[in-house]
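What follows is calculated from the coordinates using simple rules that are stated; it is not laboratory data. The model shown is predicted, which means the values in this text are computed figures rather than measured ones. All Cβ positions, even for glycine, are placed from backbone atoms using ideal geometry, and neighbour counts span all protein chains on display.
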Amino acid sequence: MNVDMISVCGADGKLTPIRFRMETENQCTRVVPVLRILHSAPIQYAGVDAIQYLCKALVDDREKLFELRYTLKTHCWSIFRVVY
């Protein structure tokens with residue numbers, strides 16, 4: 001699922017996700033703040049270069065673990081999966 005993302009690009013080119021906007025099951029838009037980035041790494045899936053982020057975020061006053069991906073060629077952010 002593609003998401004709108006606010007991120008910071010450092011002087012070294014490193015991207016840091018800050019918060020994202022996603023659509024819920026009942027078609028409501030929700031802003032989700034990223035609390036902490038646990039891991040980030042460049043990956044390649046199906047021949048597409050991306051950066052994978054494992055992040056803790058706050059949804060409905062509960063912490064959830066998201067796997068976010070940034071696709072280098074299209075400059076798109078997406079939620080790959082919600083771990084818990």
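Working from Cα pairs under 8 Å separated by at least six residues, relative contact order for the chain is 22 percent. With θ taken as phi - 60° and the Karplus curve 6.51 cos²θ - 1.76 cosθ + 1.60 applied, the whole-hertz 3J(HN,Hα) list for the stretch 28-41 is 9, 8, 10, 8, 10, x, 7, 7, 7, 9, 7, 7, 9, 7 Hz, x standing for glycine and proline.
If only the Cβ of Lys and Arg carry +1 and only the Cβ of Asp and Glu carry -1, the dipole of the chain around its Cα centre is close to 120 debye. Within the stretch 39-84, the trypsin sites (Lys or Arg not before Pro) that combine a DSSP coil assignment with at most 15 other C-beta atoms in a 10 angstrom radius are 73.
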